[in-house]
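The values are calculated or read from the model by the stated rules, or taken from the named source; none is laboratory data. Just so we're clear, the structure is a prediction, and the values are computed from it rather than from any experiment. Virtual Cβ from ideal backbone geometry, glycine too; neighbours counted across all protein chains shown. Accessible surface is based on the protein model in full, side chains and every heavy atom, while ligands, DNA and RNA are left aside. Shrake-Rupley method; radii C 1.70, N 1.55, O 1.52, S 1.80 Å.
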Amino acid sequence: MDTSSQYGIKDFSEAYEKHKEVIDSYQIQGFLLKQISEEIKPHLSGVLEGVVVETRTNATALVFLVDDSEEGKTRLKPWMTWKEGSFTETKGRRVLVEPVVPPSKKTGVYVMKTGRIAVPLLC
């Protein structure tokens, strides 16, 4: 008996196959994510949502809060922009994403309809 659907656990293999090309070509910028993770800590007081980041360049990134309050839908809500070591609050529309956990990986990513990828911060 498949208990995954019974307990609300999603099978990500179908989502991975759908976004395989985008995910496999994505290069995680570990050093930059580590830097942003360290610098964002003072801003995390009271934040209960998951925090993910989409790197734009080596000097800029968008930080999102994960909103999974709607059943069956995951959205990212723009929260802050990081630019060369400083954060500014950002407003914008929530972005519908698909959570994907690639095979043999412990951590998943969030794939946007545009093919952009956001990854969880390391905090």
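When every residue of the stretch 4-12 is checked against the conditions, none turns out to be at pLDDT below 90, within 15 Å of residue 112 (Cβ to Cβ) and open to solvent by 80 Å² or more (accessible area, probe 1.4 Å). Residue 66 meets all of the listed conditions (1) among the β-branched types (Val, Ile, Thr); (2) surrounded by fewer than 17 Cβ atoms within 10 Å (Cβ to Cβ); (3) touching a residue at least 12 places away in the same chain (Cβ under 8 Å) but one, namely (2). Here is the figure for the stretch 41-85: residues that are over 15 Å from residue 98 (Cα atoms), among the hydroxyl-bearing types (Ser, Thr, Tyr) and either within 13 Å of the chain's Cα centre (by Cα) or not in a loop (DSSP other than H, G, I, E, B) (or both) total 3. One residue stands out among those in the stretch 89-123 that are of a type in the set (S, T, N, Q) and open to solvent by 80 Å² or more (accessible area, probe 1.4 Å): the one that is modelled with the lowest pLDDT, which is 104. Among residues of the stretch 13-43 being among the hydrophobic types (A, V, I, L, M, F, W, C) and closer than 13 Å to residue 117 by Cβ, the one that is modelled with the lowest pLDDT is 28.
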